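Everything below concerns the one structure shown next.
The values are calculated or read from the model by the stated rules, or taken from the named source; none is laboratory data. Keep in mind that this is a model prediction, so the values were computed, not measured. Cβ: placed from backbone, ideal geometry, glycine included. Neighbour counts: every protein chain shown.
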Amino acid sequence: MGIRQVMQESLPDIFDAMGEDVVFIVAGGTPINCKAFIDFGVALEPEGFEGMAVQRGIIIEALLSVLEAEPKRGDNFVIDDITYEVGRVLANDGFTIKLAVKAV
């Protein structure tokens, strides 16, 4: 058994045990209940800059296998009655996706 298979089998249990209850809403699609991690006050480097430009932001990390499709700009996550709009994809390793979001 390789590391990719171990990750694929283990990550759902980790998200179920420690993740926040989230509703993912694709623009014009059906809401999906899932678990995700949310981090506040993360130092993000704005796109299109070279140098030491940094802004504080919010990151949501979710399982791709549960979302059914990679989130796009304008899609939303709802956590504790707060809607977070997807701004951009920060990382996608094929298992999870990290997204820069903003509260709307």
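So which residues in the stretch 95-104 are of a type outside the set (A, V, I, L, M, F, W, C) and touching a residue at least 40 places away in the same chain (Cβ under 8 Å), if there are any at all?
Once the filter is applied, which keeps residues that are of a type outside the set (A, V, I, L, M, F, W, C) and touching a residue at least 40 places away in the same chain (Cβ under 8 Å), the stretch 95-104 yields Thr96, Lys102.
Taking the stretch 12-29 only, how many residues are touching a Pro at 6+ places or on another chain (Cβ under 6 Å) and under 13 Å from Leu63 (Cα atoms)?
The qualifying residues number 1.
Six or more apart or on different chains, Cβ atoms under 6 Å: show the pairs whose first residue is in the stretch 1-25 and surrounded by 14 or more Cβ atoms within 10 Å (Cβ to Cβ) and whose second is assigned to a helix (DSSP H, G or I).
Listed by first residue and then by second, the contacts come to Phe24/Leu67.
Restricting to the stretch 67-91, count the residues that are buried (at least 18 other Cβ atoms within 10 Å of the Cβ) and among the hydrophobic types (A, V, I, L, M, F, W, C).
Number satisfying all stated conditions: 3.
Checking the structure you have, find out if any residue of the stretch 44-57 is buried (at least 16 other Cβ atoms within 10 Å of the Cβ), at pLDDT 90 or above and either in contact with a helix residue (DSSP H, G or I) (Cβ under 7 Å, 6 or more places away or on another chain) or of a type in the set (A, V, I, L, M, F, W, C) (or both).
Among the residues of the stretch 44-57, not one is buried (at least 16 other Cβ atoms within 10 Å of the Cβ), at pLDDT 90 or above and either in contact with a helix residue (DSSP H, G or I) (Cβ under 7 Å, 6 or more places away or on another chain) or of a type in the set (A, V, I, L, M, F, W, C) (or both), which makes the answer no.
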